[in-house]
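Notes follow the structure.
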Amino acid sequence: MTLQTILLTLLLTALSGAGGLVAAGLHLPLPFMLGSLVTSGLIALFAAPRLPDDYRFPMKFRALFMIIIGVMIGTRVTPDVLGALPGYLPSFALLIVFVAAAHGVNYVIFRRLGRYDPATAFYSATPGGLMESLAMGEEAGANVAILTMQQFLRIIAVIVLVPVGLSLWYGAPVGSASGQTLASADGDLSTLPLALVIGAAGLFIGRAIRLPAAQLTGPLLAAAAVTVSGLVALPIPQWAINLAQVVVGTSLGMRFAGLKGRTMLRASGLSVLSVSAMLALGLICARILQPVTGLELDVLLISFAPGGVTEMALVALSLHANPAIVTMHHIFRIILTVVEMTLAARWLKPQHRPE
């Protein structure tokens, strides 16, 4: 990274962090991620001409904070959580139905209402597997610009609609908006170096063995291993978690750079409709599973919500739900989506054709 990129990234993160503080002051759900996302999104939309043409939010910078989030989730994996996993098998089984149904409903939305060509509609409709969808969609001749926009809008719409919707559902602020904390009581600056070392080792191993969402799952599994074994405690201070949310929100908001006009509005409307349909399917699944698994309705809904693994783990943390259970569901959803997408693509052969 050049010095200009580093300074600009720090400036954007600071400005977006100020947006997070405003959101926290307004008692919005998941304030540091949503506030920073909105702030950086507005910067990307209206101040893009002032940014260097080749500027992209550096993913290596984001990866550092992904390690913090992964370690935080990993510390929530306990022997009790592992022992309870067999009880969640019905939930994992229903995810298979959810993935197929969500992909089908989304395809109808993007093909019939959005009037996208078959390839663009098919790969925009996937309820996960962002990078795989982009790669396979490009190979099939999809409109990559629209496909990329729809996939990122899916993630953004989920992390906006889910916490806000739950707050409206309960009639009161939920999670971090109601004062719940994500941090361990004994977390301070002295605990961070060891957490980062263990998380970085997990990231290296995760990439080497090609784990899904390795930036998150590698540190998660490494932290879980040392936590379950009792070797060391890895409490993360609250300020580090808030900063990690700001960086994730900023990186998402900057994806709006270069998007404008009617195409953006159309894609946003389709995204809200698509995500609303998937959340409705997720709510049905959550209602079915609640008496079977004993999990709270909001935990199950978050587990089925088709957002990014990192973002949904943060939502779970903000609601004081165990993010380990939620993350396991989302990793399985991504694996299912990639398998389903690959098999369906071979059968349907969704290729681009002019409208």
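Bear in mind these aren't lab numbers, they're just calculated from the coordinates by the rules spelled out. Small disclaimer: the values here were computed from a predicted structure and weren't measured. All Cβ positions, glycine included, derive from the backbone under ideal geometry; neighbour counts span all protein chains shown.
Overview of results
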{"read-out": "For segment 38-164: rounded, prolate or oblate by the Cα gyration tensor [a/c cutoff 1.5]", "value": "oblate"}
{"read-out": "Positive-pole candidate from Ala305, Gly294, Gly70, dipole of the chain, charges at beta carbon", "value": "Ala305"}
{"read-out": "Under the Karplus curve 6.51 cos²θ - 1.76 cosθ + 1.60, θ = phi - 60°, whole-Hz ³J(HN,Hα) for segment 223-240, x wherever Gly or Pro sits", "value": "5, 4, 5, 6, 6, 5, 6, x, 5, 7, 9, 10, x, 10, x, 4, 4, 5"}
{"read-out": "Length released on extending from Ile209 to Ala233, taking residue separation times 0.36 nm less the Cα-Cα span", "value": "6.1 nm"}
{"read-out": "For peptides 237-246, 146-155, sequence by mean Cβ density within 10 Å, most packed first", "value": "146-155, 237-246"}
{"read-out": "Relative packing of 118-129, 225-236, which averages over residues the other C-beta atoms within 10 Å, highest first", "value": "118-129, 225-236"}
{"read-out": "Burial ranking of peptide ranges 61-67, 34-40, 293-299 (average Cβ count within 10 Å, highest at the top)", "value": "34-40, 61-67, 293-299"}
{"read-out": "Residue order, fewest to most beta carbons within 10 Å, for Met33, Met59, Met72, Met136", "value": "Met59, Met136, Met72, Met33"}
{"read-out": "Overall form of segment 3-348 per C-alpha gyration tensor (a/c, 1.5; a/b vs b/c)", "value": "rounded"}
{"read-out": "For segment 248-253, Karplus couplings with θ = phi - 60° (6.51, -1.76, 1.60), whole Hz, Gly/Pro x", "value": "5, x, 5, 5, 6, x"}
{"read-out": "Under Karplus coefficients 6.51, -1.76 and 1.60, residue-wise ³J(HN,Hα) of segment 113-120 in Hz, glycine/proline x", "value": "8, x, 6, 6, 5, x, 5, 5"}
{"read-out": "Anisotropy class of segment 28-98 from Cα gyration tensor, a/c 1.5 cut", "value": "prolate"}
{"read-out": "Pair Ala84, Val164: separation of 7 Å Cα→Cβ label points (nm)", "value": "3.0"}
{"read-out": "Estimated dipole of the chain in Debye, rounded to 20 [Cβ of Lys and Arg +1, of Asp and Glu -1, Cα centre]", "value": "860"}
